[in-house]
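In what follows, a structure is listed as structure tokens, so that the remarks can point back to it.
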Amino acid sequence: MYKQEIETLPLRKLRKLQNERLVQLVQRVYAKVPFYKRQFDEAGIKPSSIKGVKDLHKIPFTQKAHLRDNYPFDLLAVPMKQVLRIHASSGTTGKPTVVSYNRQDLRIFDEVVARSLACAGAKKGMKLHNAYGYGLFTGGLGMHGGATKLGMAVIPVSGGMTDRQIMILQDFKPEVICCTPSYAQTLSEEMIKRNIDPKSLAVKYAVLGAEPWTEAIRSQVELGLDVTATNIYGLSEIIGPGVSQEDFEEKGSGSYVWEDHFFPEVVDKDTGEPLPYGEEGVLVFTTLTKQAMPLLRYWTNDICSLEYDKSGKRTHVKMSAIKGRADDMLIIRGVNLFYTQVEEVINEFDFLTPNYQLIVSRKKTMDEVLVAVEVAAGFEHTNDVYRKKLVEKIKNTIGLTMRVQLAPMGSIPRSQGGKLQRIVDQRK
Ligand code: ADP
């Protein structure tokens, strides 16, 4: 554990810390950020009425559109002179949002990433193969800073150039790799193609995030790279990677949210009402300690649930794997669908690989999904029995009849380093 005392702080003490931090935060943003003063005044809320996290529900949400309206620097709570770094989101869903950090923010960023890496199995003295993109995207530099803080040797490979990545894995012998799960799939396939035994590498742990993924991809990557793969979650608006992390010995039970810095809530996606633990909804964060660009109740649009794990090593709350972004949800004949649901079904068949795409089209007024999925080595994509099995399983599990097309190995696009688009929308 990187910081045992804070990671195992009894819940009562954690709440006290969060409450103190929130009270200060609210006073500060009300005084320093005109947008928040307006938000409070218009909602008729006095900053003094926020006494702790139990009062958070009174505060209006901050949405991505608010960041865009205040582009690029109007949400700063410190003078521009104090800003030491500026990042932007990847822009997956439109114009990127801009985020600024002062010295303390960068210190916290390093701290939460160091905690996350340790939680993923990494240790001081190991080497990190950092295949997240460097640049405006927070992934590369974010992981870099945290690994340095933990005492790892960072290899700043960045994304892409798969030949070079494999050479570095073989020659530099890093024990830890971080990248998107789809790029880890690409790497593990390339290893097979080149007949490289993953056991000949030193890599033991893979820290994967920046896009939704399921157990299907975990199995493929763990086998292909001979690693223990865990989930790291984050978003630039809150800090970058390192908002939450799955423990390498508690796989599948969710990712610890570092809630001394980022207070999470899950709310109903339609009404915004806070939901009880265990219920699925939109994840919302309040940055308790950020200074340059703190956010209150930021609507991430990511769908998951929260739960305390009494048998876990740490006291912080766990979030479930992200099902998808609310705006990536498809509505097919009245049924809500995330691509990860199809990925989970694919996982149940040995004759399929998690290389797939959902092609969405519109016939008259009806939206339709075609699942294009590659078969595993040794299986025939022309065999109709396999296709029918998948159609049937999707129907029974998701409740929708989808067209399925089995594809030969290598025919579905792979990640070249970054996030992979699994949905091809032909409706536009
Ligand atoms: P963009 O929204 O432009 O992609 P970011 O690069 O900041 O901006 O990415 C943050 C988003 O990436 C999150 O809101 C979430 O949708 C997704 N994401 C990040 N980590 C994970 C993860 N481990 N699992 C699922 N989705 C993730």
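The values are calculated or read from the model by the stated rules, or taken from the named source; none is laboratory data. Since this is a predicted model, take the numbers as computed values, not measurements. Don't worry about glycine lacking a Cβ; one is built from the backbone with ideal geometry, like all the others, and counts go over all protein chains shown. Remember, those area values only see protein heavy atoms, side chains included, never the ligands or the DNA or RNA. Shrake-Rupley method; radii C 1.70, N 1.55, O 1.52, S 1.80 Å.
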Straight-line reach check, Lys389, cutoff 18 Å on alpha carbons, 8 or more apart in-chain or any other chain, hits among aspartates and glutamates -> Glu343, Glu344, Glu348, Asp350, Glu374, Glu380
Rounded to the nearest Å, the spacing of the alpha-carbon centers of the stretch 351-428 and the stretch 19-58 is 47 Å
Dimensionless Rg/Rh of the stretch 1-160, both radii on Cα and Rh by Kirkwood, sits at 1.01
Hull surface over four for the Cα convex hull of the stretch 210-290, reported in nm², is 6.3 nm²
Per principal axis, largest first, the Cα atoms of the stretch 260-318 extend in Å by 36, 30, 15
In the stretch 229-340 the accessible area split gives carbon plus sulfur, as whole percent at 1.4 Å, a share of 48 percent
The chain accessible area per residue, 1.4 Å probe, protein heavy atoms, integer Å², reads 43 Å²
Counting sequence-distant residues (5 or more places) and residues on other chains, those with an amide H built under 5 Å from that of Thr93 are none
Computed Rg/Rh for the stretch 330-425 (Cα atoms; Rh = Kirkwood radius) stands at 0.95
Whole-number value, in Å³ per residue, for the convex hull of the alpha carbons of the chain is 143 Å³
Counting only DSSP beta bridges with both partners in the stretch 355-409, the antiparallel fraction in percent, to the nearest 5, comes to 60 percent
In this structure, among Lys364/Lys388; Lys251/Lys393; Lys193/Lys393; Lys251/Lys310, pairs with alpha-carbon gaps over 19 Å are Lys364/Lys388; Lys251/Lys393; Lys193/Lys393
Going residue by residue through the stretch 50-59, the Karplus relation 6.51 cos²θ - 1.76 cosθ + 1.60 with θ = phi - 60° gives ³J(HN,Hα) values, rounded to whole Hz and with x marking Gly or Pro, of 9, 9, x, 5, 5, 8, 4, 4, 6, 7
per DSSP, antiparallel bridges as share of beta bridges in the chain, % nearest 5, sits at 60 percent
Around Leu225 (Cβ within 14 Å, Cβ-to-Cβ, excluding Leu225; K/R +1, D/E -1) the net charge comes to 0
Expressed to two decimals, the stretch 138-296 has a Cα Rg over Rh, using the Kirkwood radius, of 1.01
All alpha-carbon distances of the stretch 56-131, grouped into 5 Å bins from 0, give the whole-percent distribution 3, 12, 16, 16, 17, 18, 10, 6, 2, 0
Between the Cα axis of helix 34-43 and the main Cα principal axis of the chain, the angle (0 to 90°, nearest 10) is 80 degrees
Computed over the stretch 330-378, the Cα gyration tensor eigenvalues, each multiplied by 5 and square-rooted, give semi-axes in Å (largest first) of 24, 12, 7
Cα-Cα longer than 31 Å, checked against Lys127/Lys419; Lys3/Lys51; Lys81/Lys269; Lys81/Lys323; Lys149/Lys199, kept in input order, equals Lys81/Lys269; Lys81/Lys323
Helix 138-150 sits off the longest principal axis of the Cα atoms of the chain, rounded to the nearest 10 on a 0 to 90 degree scale, by 70 degrees
Rounded to the nearest 500, the 222 nm mean residue ellipticity computed for the chain from DSSP H runs (n ≥ 4, each -39500 (n - 2.57)) alone is -9500 deg cm²/dmol
